[in-house]
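Accompanying notes for the structure given below.
Nothing in this text is a laboratory measurement; each read-out follows from the coordinates by a stated rule. No experiment lies behind these values; they were computed from the predicted model shown. Positions of Cβ are backbone-derived with ideal geometry, glycine not excepted, and every protein chain shown enters the neighbour counts.
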Number of protein chains: 2
Amino acid sequence: MRILLTNDDGIYAPGLRALRHELLKLGAVTVVAPATEQSAAGHSVTLLNPLLVSEVFEDDGKTFIGWAVEGRPADCVKLALLELLPDTPDVIVSGMNAGSNAGINVVYSGTVAAAVEGAFFHRTSIAVSLEYDKKIYDFATGARYARQVIEQILARKPADGSLFNVNIPVLERGPIRGVKVLPQNVTPYQEQFDRRVNPRGRTYFWTTPAFRCPEPHPETDVTALEEGYITVTPLKFDLTDHARLTEIQNWGWELR
Amino acid sequence: MRILLTNDDGIYAPGLRALRHELLKLGAVTVVAPATEQSAAGHSVTLLNPLLVSEVFEDDGKTFIGWAVEGRPADCVKLALLELLPDTPDVIVSGMNAGSNAGINVVYSGTVAAAVEGAFFHRTSIAVSLEYDKKIYDFATGARYARQVIEQILARKPADGSLFNVNIPVLERGPIRGVKVLPQNVTPYQEQFDRRVNPRGRTYFWTTPAFRCPEPHPETDVTALEEGYITVTPLKFDLTDHARLTEIQNWGWELR
């Protein structure tokens with residue numbers, strides 16, 4: 001099996017390294033990932049700048065890992081499939097991200113965007129993220145769980161272009177309670193900016209870590225993750241609100 | 001009516017100026033938009049840098065337009081609603097973008113992302129984009145059509161958080177044939193990179209304009225736009241593939 005591995009934390013991120021270590025048990029892994037951190041890149045792509053690439057090796061300087069790209073997660077997947085990889089991968093894995101990508105965060109996530117881009121190319125694509133607490137990230141343990149989930153997804157031979165969002169809960173709160181397949185939570189987040197004035201008198205704002213979802217729907221990715229379950233959410237990239245199409249078609253549109 | 005206007009082409013873009021001119025016929029317009037072009041920003045947000053803001057005025061230096069933000073389209077909407085605007089707007093409009101945002105481009109679009117962000121805040125949110133040919137953008141005419149569509153959407157008093165993606169077809173090919181309400185096309189695009197080597201011997205790639213959708217589904221935003229219709233697509237931001245949830249819940253998940 002040929003696996004393309006990417007992420008949004010950058011090619012040298014420990015989450016990617018741990019996940020690569022586990023995925024090598026499943027097949028041949030080639031990494032094409034951003035050269036630098038691209039958190040919250042969403043599904044941005046690079047139109048105005050050149051995408052520099054460089055080959056990356058293990059610490060022996062000889063064992064080829066893949067390519068670092070001076071671009072976004074979605075750029076990496078495009079370049080990998082169109083230019084860099086000699087053969088089309090069977091599966092595209094994105095992660096393991098430092099921090100969960102559940103609820104509305106799915107929309108901001110570069111990790112998920114890379115997987116969506118893989119689905120555009122009709123490959124099975126899986127985003128993997130690890131929730132954390134108190135800045136402790138046990139990527140090695142998280143990646144072992146992630147690999148088990150990925151194995152079980154692939155064993156089912158999902159249709160080409162199937163897209164999955166996998167989140168691993170905080171590992172330090174006790175044993176994982178199981179796997180739950182649930183929808184993305186869509187209730188809004190609360191967030192806060194910190195307003196300051198710079199030495200030249202200009203106002204600026206920092207985003208703050210006070211970004212929380214006060215009332216998640218029960219039985220969603222956000223709640224199950226909080227309860228200690230691994231969550232799996234099948235995603236799609238058709239944003240159409242199909243339920244409202246007919247109603248809006250009948251609005252009697254007119255142009256003058 | 002209070003209108004927040006944003007975009008991804010930057011606060012000084014002619015498409016925004018033309019749309020503001022038309023929206024002033026509907027109510028009070030405040031602009032909060034990126035200071036510089038943010039095309040293909042997707043739903044990226046700024047976590048690691050401060051968001052500088054500055055007040056922007058009309059050419060008389062006195063008539064207040066709004067704020068320029070050194071950030072992404074989605075940052076602008078967040079800042080507008082949480083910090084900058086004295087009152088919550090009734091509607092958020094994003095555009096008018098130079099170039100359509102239909103099909104898979106919806107996912108890359110900063111214009112659409114700003115509207116999605118508005119929907120997160122439970123406001124009616126409308127993304128507006130203008131297709132073009134041979135680099136001619138008649139934003140003035142496009143904005144007149146866009147205002148008519150926006151008027152008709154608002155006249156229906158859609159539920160809070162309703163989200164619409166509006167595309168205006170090429171205006172130079174003849175009169176607009178009408179308004180069609182259709183789903184987003186989801187067939188894949190073809191694209192190409194241009195591979196080069198820089199003076200230091202490093203390989204780099206440029207994205208190219210050869211980004212096209214060879215086989216769009218009939219009766220989608222992409223086909224209707226090509227046929228000369230204004231397209232309206234109701235969107236939502238739940239990416240869950242609900243049709244597959246039950247099947248995948250029954251996969252007999254196991255962890256070791």
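So, in the range A:45-58, of the ones that are among the hydrophobic types (A, V, I, L, M, F, W, C) and farther than 26 Å from B:GLY71 by Cβ, which residue ends up surrounded by the fewest Cβ atoms within 10 Å (Cβ to Cβ)?
Per the stated criteria, the residue is A:PHE57.
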What single numbered condition from (1) within 16 Å of B:SER44 (Cβ to Cβ); (2) touching a helix residue (DSSP H, G or I) at 6+ places or on another chain (Cβ under 6 Å); (3) part of a helix (DSSP H, G or I); (4) not hydrophobic (A, V, I, L, M, F, W, C) fails to hold for A:GLY15? (1)
Within the range A:187-209, the residues that are out of contact with any Asp or Glu (no Cβ under 6 Å at 6 or more places or on another chain), in a strand (DSSP E or B) and within 10 Å of chain B (Cβ to nearest Cβ) are A:GLN190, A:ASP194, A:ARG195, A:ARG196, A:THR203, A:TYR204, A:PHE205, A:THR207
Cross-chain or 6+ apart pairs with Cβ under 9 Å, the range A:41-62 first and on the phi < 0 side of the Ramachandran plot, then surrounded by fewer than 11 Cβ atoms within 10 Å (Cβ to Cβ) and part of a loop (DSSP other than H, G, I, E, B): A:PRO50/B:ASN198; A:LEU52/B:ASN198; A:PHE57/A:THR63
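Can you pull out every residue in the range B:212-256 that is aliphatic (A, V, I, L, M), within 9 Å of another protein chain (Cβ to nearest Cβ) and outside any loop (DSSP other than H, G, I, E, B)?
Those that are aliphatic (A, V, I, L, M), within 9 Å of another protein chain (Cβ to nearest Cβ) and outside any loop (DSSP other than H, G, I, E, B): B:ILE230, B:VAL232, B:LEU235, B:ALA243, B:LEU245, B:ILE248.
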Identify all residues within the range B:152-186 that are surrounded by fewer than 22 Cβ atoms within 10 Å (Cβ to Cβ) and more than 10 Å from chain A (Cβ to nearest Cβ); write none if there are none. B:LEU154, B:LYS157, B:ASP160, B:VAL170, B:LEU171, B:GLU172, B:ARG173, B:GLY174
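Could you say which residue among B:GLY66, B:GLY42, B:GLY15, B:GLY61 is of a type outside the set (A, V, I, L, M, F, W, C), under 20 Å from B:THR88 (Cβ atoms) and either out of contact with any strand residue (DSSP E or B) (no Cβ under 6 Å at 6 or more places or on another chain) or buried (at least 23 other Cβ atoms within 10 Å of the Cβ) (or both)?
B:GLY66
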Filtering the range A:18-39 down to residues that are out of contact with any strand residue (DSSP E or B) (no Cβ under 8 Å at 6 or more places or on another chain) and more than 9 Å from chain B (Cβ to nearest Cβ), which residue is surrounded by the fewest Cβ atoms within 10 Å (Cβ to Cβ)? A:LYS25
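Taking helices (runs of 4 or more DSSP H) that do not extend beyond the range B:45-145, which have at least 1 residues that are among the small types (Gly, Ala, Ser), away from chain A (no Cβ under 11 Å) and in contact with a Ser or Thr (Cβ under 8 Å, 6 or more places away or on another chain)? Give the steps one after another, and end with the answer.
Working: elements: B:73-79, B:105-108, B:110-120.
Because the criterion is at least 1 residues that are among the small types (Gly, Ala, Ser), away from chain A (no Cβ under 11 Å) and in contact with a Ser or Thr (Cβ under 8 Å, 6 or more places away or on another chain), the helices (runs of 4 or more DSSP H) in the range B:45-145 that meet it are B:110-120.
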